[in-house]
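Written below as structure tokens is the structure these notes are about.
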Amino acid sequence: MRAARLLSHDGIAGVKLVEAPMPERRPGEVLVRLHRACLNHVDLYLCKGGSGITHALPQTLGVDGAGEVAECDAGDANLKVGDKVVLYPAITCGRCEFCLRGDVILCTRVRILGEQRDGTMAEYIVMPAANCFAVPEGWTLDEAAGLPTAYLTAWRMVVTRGAVGPSDRVLIHGIGGGVSIAALQIAKMLGATVIVTSAHDEKLDKAKGLGADHAINYAREEVLARVMEMTGKRGVDVVVENVGEKTWGVSLRALVRGGRIVVCGATTGGTPAADLQRVFIRQLQIFGVTLANPGELRDMIRAFTANGIRPVIDSSYPLDQVPQALERLAAARQFGKVVVEIN
Ligand SMILES: [Zn+2]
């Protein structure tokens, strides 16, 4: 089968379309014929050596994927050949203390697609049956493939940890990336007031089209001053943070007393000044998030179906153009998910 594999740590140039061995299905597993994959920033980290993510070479890239069931156990009550499925990307051990308490995404032996095992940029993949979720009625496979990483992470940030409600004001840095857009859609679904930032007016306009209440162009406006102006000098209840060193100081100062930062990334660096006095005097809360549990995926699919929310798609590239797709992501030109069309 064809697969987009990372052969060496030479940046995007290390990604090649190659023939890879067909995965073998065991009982309890499902062979999925993949139709769509989606890109994430972790793909770029892997190209550069992994940023601490333990992985093997060659490595098939891709955390997010959707396709159809090609083979499953004959007695599986929930799946049959031909079913359209989206993959929950974390395979967990089921036995460690975190799995036993139901927070499986904290599993000490977690293996994530495209990170600790071969991913979704391939024609086929084998997954545990429990990782296969039905694609909602009426959704395209592009939309389904856009759901796992960005939307799951955003759901845990905004709903589970951020506990955002209708009275809350939420600041989202760097609108355009998958998590930021997902956080905007989810926060608006919950009735919150949302402020977004970007250096590009066209991204801010698109965000307003998705319901953003206020937009700040940080290339020519001072973000903190504008946030304080927009909130009557009060500050926001929640900051959705994935930028890191460049925005962390503003994030801390933009928060109201008792406010919450939810952080899922640090693209500009991971060691900003902590400003601990501000954290304890103003009783701020900081939550780290990576992906979410399968139950959160189920809740999100139900909520999105009920509220008519679909993942935002930026663009599509065929499987033999994964490097070009990665270049688009690396240049931060996208607004929404970048899709890989497999077949
Ligand atoms: Zn576990």
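The values are calculated or read from the model by the stated rules, or taken from the named source; none is laboratory data. None of the values given here were measured: they were computed from a predicted structure. Here the Cβ is made from the backbone with ideal geometry for all residues, glycine too, and neighbour counts use every protein chain on show. Side chains included, ligands, DNA and RNA excluded: accessible areas come from the protein's heavy atoms. Shrake-Rupley method; radii C 1.70, N 1.55, O 1.52, S 1.80 Å.
Measure off, as a whole percent, the carbon and sulfur share of the 1.4 Å-probe accessible area of the chain, all protein chains present. On the chain, the fraction of accessible area on carbon and sulfur atoms equals 50 percent.
Applied to the range 163-175, the Karplus parametrisation 6.51 cos²θ - 1.76 cosθ + 1.60 on θ = phi - 60° returns per-residue 3J(HN,Hα) values of 6, 5, x, x, 8, 7, 10, 10, 9, 10, 7, x, 5 Hz, with x for Gly and Pro. With protein chains left intact and a 1.4 Å probe, residues in the chain average 42 Å² of accessible area per residue.
What does the C-alpha gyration tensor say about the overall shape of the range 156-306? Classify as rounded when a/c is under 1.5, otherwise prolate if a/b is larger than b/c, or oblate. Rounded shape, in that the Cα axes give a/c under 1.5. With a simple spin-label model that places each label point 7 Å from the Cα along the Cα-to-Cβ direction, the separation between V256 and N217 comes to 3.0 nm. For A332 and V279, the difference between the fully extended length at 0.36 nm per residue and the C-alpha to C-alpha distance is 16.0 nm. For K80, the aspartates and glutamates whose Cα comes closer than 15 Å to its Cα, not counting residues fewer than 8 places off in the same chain, are E29, E68, E71. In order along the range 221-232, the phi-based Karplus estimate (6.51 cos²θ - 1.76 cosθ + 1.60, θ = phi - 60°) of 3J(HN,Hα) comes to 10, 8, 4, 4, 4, 5, 4, 5, 5, 6, 10, x Hz; Gly and Pro are listed as x. Here r is the Cβ-Cβ distance between L79 and M22 and R0 is 25 Å; the resulting FRET efficiency, rounded to 0.05, is 0.80. Taking 18 Å as the straight-line reach from the Cα of K16, the lysines in range (excluding those fewer than 8 positions away in the same chain) are K48. Spin-label model, S316/S8: points 7 Å from Cα along the beta carbon direction are separated by 3.4 nm. Summed over qualifying helices (DSSP H, 4 residues or more, each -39500 (n - 2.57)) and divided by its residue number, the chain shows a 222 nm mean residue ellipticity of -6500 deg cm²/dmol. Stokes-Einstein, applied to the Kirkwood radius of the range 27-143 over Cα pairs at a viscosity of 0.692 mPa s and 37 °C, places its translational diffusion at 221 µm² s⁻¹.
Bridging of K206 to aspartates and glutamates at a Cα separation below 12 Å is possible for D314, once same-chain residues fewer than 8 apart are set aside.
What is the extension gain from A306 to E245, computed as 0.36 nm multiplied by their sequence separation minus the C-alpha to C-alpha distance, in nm to one decimal? Write down the numbers at each step before the final one.
On the way: separation 61, 0.36 × 61 = 21.96 nm, distance 3.72 nm.
Full-extension gain reported as 18.2 nm.
Once you have the Cα-Cα distance between R101 and A130, take 0.36 nm times their residue separation minus that, and quote the gain in nm to one decimal.
Values: separation 29, 0.36 × 29 = 10.44 nm, distance 1.74 nm.
Here the segment from R101 to A130 would lengthen by 8.7 nm.
Taking amide H as placed 1.01 Å from N in the peptide plane, the amide H of V85 sits under 5 Å from that of G67, E68, V69, V135, each at least 5 places away or on another chain.
Ranking M228, V240, G258 by Cα position along the charge dipole of the range 192-294, where only Lys, Arg, Asp and Glu carry charges on their C-beta atoms, puts G258 farthest toward the positive end.
Highest average first, the peptides 35-41, 214-220, 309-315 ordered by how many other beta carbon atoms sit within 10 Å of their residues are 35-41, 309-315, 214-220.
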